[in-house]
Amino acid sequence: MMEDLGQASSLLGMKLTHLPGVIRMSQQHYAEKLLSTYRLINGKTVATPMVPGTRLKKASYTDCQAFLDSLQHKLRDMLAKGRV
């Protein structure tokens, strides 16, 4: 049995904004959650390529791999939808 729960505000981690004749989808929440999960939400941005002499903090392989897997999944999705 189905029940009407009203307008959806999110779908598959994406925020939905209802406007007249349009439903806008945003992945900002997903990106912020990803950055928060890996403690990068307040990260300091740097120019690319890095400034000579920049000291890097060691990260575990597991943390790096999980983060890269998440980014790869999102990029694959964007490529499939022609957004890149």
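Readers should treat all values here as calculations from the given coordinates under stated rules, not as data from a laboratory. All values derive from a computational prediction rather than experimental measurement. All Cβ positions, glycine included, derive from the backbone under ideal geometry; neighbour counts span all protein chains shown.
Just for segment 25-60: of the residues that are hydroxyl-bearing (Ser, Thr, Tyr) and part of a loop (DSSP other than H, G, I, E, B), which one is surrounded by the most Cβ atoms within 10 Å (Cβ to Cβ)? Across segment 25-60, the extreme among qualifying residues is 38. In segment 6-31, the residues that are farther than 24 Å from residue 75 by Cα reach residues that are exposed (fewer than 10 other Cβ atoms within 10 Å of the Cβ) with C-beta atoms within less than 7 angstrom, at least six apart or across chains, in these pairs: 18/7. Exactly one residue out of 4, 63, 69 is out of contact with any helix residue (DSSP H, G or I) (no Cβ under 9 Å at 6 or more places or on another chain) and surrounded by 11 or more Cβ atoms within 10 Å (Cβ to Cβ): that is 63.
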